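First comes the structure, then the notes that go with it.
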Amino acid sequence: MAEAEKRAVAQKGAQDSFVFLPLIAGWLVPGAGHFLLRKWGRGALLAISIVCMFALGLAMRGRLYANAHDILEILGLLGDLGSGLLYIAGRVMGLGSESLQTTVADWGTRFIVVAGLLNIIAAVDAHNIRTGRKS
Amino acid sequence: MFTPSHFTAVLLFSLFASTVFGITQRETPPRMFRYGLYCFVLFVGSAIVLSWVMFLIAR
């Protein structure tokens with residue numbers, strides 16, 4: 001079978017699958033939504049950027065939000081949840097549980113929140129590619 | 001513990017955020033690269049300008 005035909009069959013198979021699969025996969029694992037759509041380069045760059053940002057945030061002793069006592073904590077928690085399985089793995093391993101009052105730790109907390117928000121943008125982008133709104 | 005300087009933190013933040021913005025907000029690879037570079041320059045440039053403004057206000 002020619003290479004073009006193989007690609008067409010693979011693309012048809014991807015298009016027949018559940019329409020929200022890239023969105024959910026991209027949310028759970030950074031870059032996975034693009035990998036499912038065979039956008040290997042884009043997926044790899046997104047995964048590297050988001051995972052590095054999350055890991056650097058933890059390395060700076062940033063905090064993973066766990067409670068929802070006030071509006072700022074709720075917003076921080078929503079941002080953290082955007083990282084999907086990274087957030088769950090961090091919580092399970094007990095990372096980011098201590099609250100340090102240092103400037104670098106505060107930057108780390110922001111890095112973690114922004115990594116989650118960027119992951120949501122990446123997952124929505126995968127969904128847009130899946131639905132044909134973007135090439 | 002990783003303790004970057006303020007400027008290193010700005011560079012790292014800008015690099016990763018610009019990469020995601022470039023890939024997700026444009027359609028073709030050349031336009032993605034140009035938009036990512038544009039975002040990076042704006043992130044870093046605005047941090048430098050605001051730093052000088054705050055320095056001058058504090059004097």
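Okay, here's what the table says:
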{"item": "Members of segment A:37-54 that are crowded, with 18+ Cβ neighbours inside 10 Å and either among the polar types (S, T, N, Q) or more than 8 Å from chain B (Cβ to nearest Cβ) (or both)", "result": "A:LEU37, A:LYS39, A:GLY43, A:ALA47, A:SER49, A:VAL51, A:PHE54"}
{"item": "Extreme residue, nearest to the other protein chains (Cβ to nearest Cβ), among residues of segment B:1-57 that are more than 16 Å from A:ILE112 (Cα to Cα), among the β-branched types (Val, Ile, Thr) and surrounded by fewer than 19 Cβ atoms within 10 Å (Cβ to Cβ)", "result": "B:THR28"}
{"item": "Verdict on A:ILE120 being touching a helix residue (DSSP H, G or I) at 6+ places or on another chain (Cβ under 9 Å), surrounded by fewer than 21 Cβ atoms within 10 Å (Cβ to Cβ), within 13 Å of chain B (Cβ to nearest Cβ) and in a helix (DSSP H, G or I)", "result": "yes"}
{"item": "Filter result for A:ALA105 (at the interface with another protein chain (Cβ under 9 Å from one of its Cβ atoms), of a type in the set (A, V, I, L, M), over 21 Å from B:THR19 (Cβ atoms) and surrounded by fewer than 23 Cβ atoms within 10 Å (Cβ to Cβ))", "result": "yes"}
{"item": "Candidate set from segment B:1-41 (those that are assigned to a helix (DSSP H, G or I), more than 14 Å from the chain's Cα centre (by Cα) and of a type in the set (A, V, I, L, M)); member that is nearest to A:LEU46 (Cα to Cα)", "result": "B:ILE23"}
{"item": "Checking A:ILE112 against (1) within 19 Å of the chain's Cα centre (by Cα); (2) more than 18 Å from B:THR3 (Cα to Cα), the condition it does not meet", "result": "(2)"}
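No lab work stands behind these numbers, since they all come straight from the coordinates. These figures come from a predicted structure and were not determined experimentally. Because the Cβ atoms are built from the backbone with ideal geometry, glycine has one as well, and the counts that use them run over all protein chains shown.
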